[in-house]
Structure formats: C-alpha cells, structure tokens
Amino acid sequence: MDSSAQIEAVDEALLDSYRVLQDEGQPDLVTELIDVFLEDLPGRLAAVRSAVDLRDPKAIRSAAHALKGAAASIGAARLAAVCATLEALGRAGEPEGAPELVPPIERAAAEVAPLLIAHRVPS
C-alpha cells in the first residue's frame, strides 16, 4: 500500500480554518474555493496526463506542482501527496515511473470531489 492511502482525503481542519476568516453576510469562502478548485481540476488533470504522455520531466514537474498546490490549498491532502511524488520524479528527471502515478492521481481526484462538494454551503 502506498503511503498516500494513509493520508486523509480532505483536511477538514484546513477548511475550518478558512471558515474562521469568513465575513458575515458574504458568500461562503470555502464554497467559493471548492468551486474554483473543482472547475480547474479537469484541466489540471489533463495537463498532468499530457506531461506524462510526453515523458517530459520539466512538464511533469510543472503540472504535478500546479495540481499539488491547488490540492493542498483546498485540503485535498491525499491528492497533494500523490502529486508530490510525481513532481519529485519530474524534478529528478526520471519520467519512467510517472505513468504508474496517473491512475492514483485520478482516483484521489475522483475521491476528493464529492467529499469537497459535501463541504459546500448551499447559497
């Protein structure tokens, strides 16, 4: 079992810390962050797939880093962890192991989406 499976899919404490910043009467900050993340997720996943298909270490590092940062900022801890592994391969210039990381990244993304949606506050 890879170590990312032991990491929580969603860091609820992080989402709660954002809610503390919420101004009364304003749209829900966490909901807005979740919506932006989910809107951008398909494009970020496509960039990762494309970089891996090209076996381009620089593109792999960049795409994985971008998805890792977005995932970490929204509390998608497991997704961020798998992306960090892919980013490290790109940084090391070793794209050979990258294709094996795409399915776990896609699974983590599919897993986190409904969990994040459950944290949205309906308007």
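The values are calculated or read from the model by the stated rules, or taken from the named source; none is laboratory data. None of the values given here were measured: they were computed from a predicted structure. Backbone-built Cβ (ideal geometry, glycine too); neighbour counts: all protein chains shown. The accessibility values were calculated without ligands, DNA or RNA, using every heavy atom of the protein model including side chains. Shrake-Rupley method; radii C 1.70, N 1.55, O 1.52, S 1.80 Å.
Would you confirm whether or not segment 36-51 contains a residue that is within 30 Å of Pro122 (Cα to Cα), in contact (Cβ under 8 Å) with a residue 60 or more places away in the chain, surrounded by 21 or more Cβ atoms within 10 Å (Cβ to Cβ) and not β-branched (Val, Ile, Thr)? Working first, answer last.
Quick first cut of segment 36-51, residues within 30 Å of Pro122 (Cα to Cα) only: 36-46.
With the extra rule that they be in contact (Cβ under 8 Å) with a residue 60 or more places away in the chain, the set shrinks to 37-38, 41, 45.
Restricting the remaining residues to those that are surrounded by 21 or more Cβ atoms within 10 Å (Cβ to Cβ) gives 41.
After this cut, where a residue has to be not β-branched (Val, Ile, Thr) as well, the list is 41.
Within segment 36-51, one or more residues are within 30 Å of Pro122 (Cα to Cα), in contact (Cβ under 8 Å) with a residue 60 or more places away in the chain, surrounded by 21 or more Cβ atoms within 10 Å (Cβ to Cβ) and not β-branched (Val, Ile, Thr).
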query: Can you pull out the residues in segment 72-83 that are surrounded by 16 or more Cβ atoms within 10 Å (Cβ to Cβ) and in a helix (DSSP H, G or I)?
result: Ala72, Ile74, Ala77, Arg78, Leu79, Ala80, Ala81, Val82, Cys83
task: Output the residue which, of all residues in segment 1-34 that are small (Gly, Ala, Ser) and at pLDDT below 90, is surrounded by the fewest Cβ atoms within 10 Å (Cβ to Cβ).
output: Gly25
- prompt: Can you find a residue in segment 96-105 that is open to solvent by less than 40 Å² (accessible area, probe 1.4 Å), assigned to a helix (DSSP H, G or I) and free of Cβ contacts under 8 Å to residues at least 24 places away in the same chain?
  reply: yes
When residues of segment 52-71 are limited to those that are without any contact (Cβ under 8 Å) to a residue 24 or more places away in the chain and under 20 Å from Leu116 (Cα atoms), the one surrounded by the fewest Cβ atoms within 10 Å (Cβ to Cβ): Gly69
